[in-house]
Structure formats: structure tokens, C-alpha cells
Amino acid sequence: MRLSEIGVRDSKMLSDKRRRALYEDIASIADEVKISAISASEINEAMAAHISVNELEAKHFSALFDQIGSFAHAIYLDSPDVIPERFGQRFSMNSKKPTKVKGIKSNASIKSNYTRVIAEHKADARYPVVSAASIIAKVTRDNAIKQIEKKLRTKIGSGYPSDAYTISVIRKHLGNEKFEEHIRNRWATMDRIKQTSLDEF
């Protein structure tokens, strides 16, 4: 209720200034805030081992959930999977805590004190707690981008595949190990960048 009162919304609907202000408010309201960053190198290694990004996210989500000290009656996940229940199931399988995924039938016995897992598309636009998480994640990511820019001593844009400036910077620095340390090599966008570069010769 308090999250709704302070005006949390899907982070994409808020300005950077508003997100940062809400970040502080959320941190003061929440009993616990857990953050986990997945590096480009971890994604590259996982995909080389045929582990999907969705599986990797489910693993990180469940690890954060397992770190929470207090009992949660329900947990809400913004599913990146086209089948939300499948993402919820991946999350549940990785967690050490007793959980039950909404929409998944199970014959296994569940302890009475289990956490209900609700995985849905666009959950950040429907549930204030997920909106709050999206704000925390976005501010954390933006800060990480600034740190990378500081390290590389150059602007890199937003880092999103829709950002033409980011694409141009990556194309300019292909083969530069300092830059590639921060790039998902196993990425459709990266494949297109490399192909375009080859076509220029």
C-alpha cells in the first residue's frame, strides 16, 4: 500500500530524476532490498554452456529470494519467458525454499508455509512491488553504465540494442578487449554488428 502511495510505476514510465527519488523512498520503506547483477561475461559463459538468459535470470532471482530472512506469502516475478509459468517453475526449482507456482499443478507435497510464485508478463505495470523492483533495477543499471563509461573514458549510450549510439560505439571498438569485456558476444545484435562490419569491406 505504501508503495502505491509514493507513486511507484513501471520504471520505463518515469524520468531519471523521479526514479532516483523513488529509489531512496523504496529503500526506506522496504524491509529488505536485494540486488544481483549479471555481467556480460557470465551471460557469455552461460550461453556457451547452452544455458539460456531466462534460465540464468531465474537462477539469480531465486538466489536473491533465498537470501531474504523474513517469510513471504507470495512473490511476484516479471517473466521474460513467453510462457510465464515456465519461468516461475524455473525459479521455484532453483530456490531452496518451499514454493508453489500459480498455474502449475503439482502432485508433490507442499509444506503449509510455502510461498506462492506469481510469474506474469508486464508485472511491473500491474503490481506496485514489481514496479518498485523495476525502479531499483533501472537505477542500479544506469549507475553501472556510468561506471563503465568512466572506466572506458568514453560515452557508450544506454547500452540497449535499440540505441543507435550504443551500436555505433560497439562497431567502432570491435576487437578492443577493454570494450568487449562489457559486451554480450552471444547476442543477435552483436551478430548483426559484426556482419555489417564485414559487409563494409
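Residues in the range 142-201 that are in a loop (DSSP other than H, G, I, E, B), of a type in the set (D, E, K, R), over 30 Å from residue 18 (Cα atoms) and out of contact with any helix residue (DSSP H, G or I) (no Cβ under 6 Å at 6 or more places or on another chain): 181, 200. Answer with yes or no whether residue 48 is out of contact with any helix residue (DSSP H, G or I) (no Cβ under 9 Å at 6 or more places or on another chain) and within 30 Å of residue 188 (Cβ to Cβ). So residue 48 fits the description; yes. Does residue 125 fit the bill of being in the same structural domain as residue 67 (by TED's automatic domain parsing) and touching a Ser or Thr at 6+ places or on another chain (Cβ under 8 Å)? When the stated conditions are applied, residue 125 passes them. Taking the criterion of being in a loop (DSSP other than H, G, I, E, B) and either free of Cβ contacts under 8 Å to residues at least 24 places away in the same chain or buried (at least 22 other Cβ atoms within 10 Å of the Cβ) (or both), the residues of the range 51-96 that qualify are 51, 52, 79, 82, 83.
The values are calculated or read from the model by the stated rules, or taken from the named source; none is laboratory data. Quantities reported herein were computed from a predicted structural model and do not represent experimental measurements. Methodologically, a virtual Cβ is constructed for each residue, glycine included, from the backbone with ideal geometry; neighbour enumeration extends over all protein chains shown.
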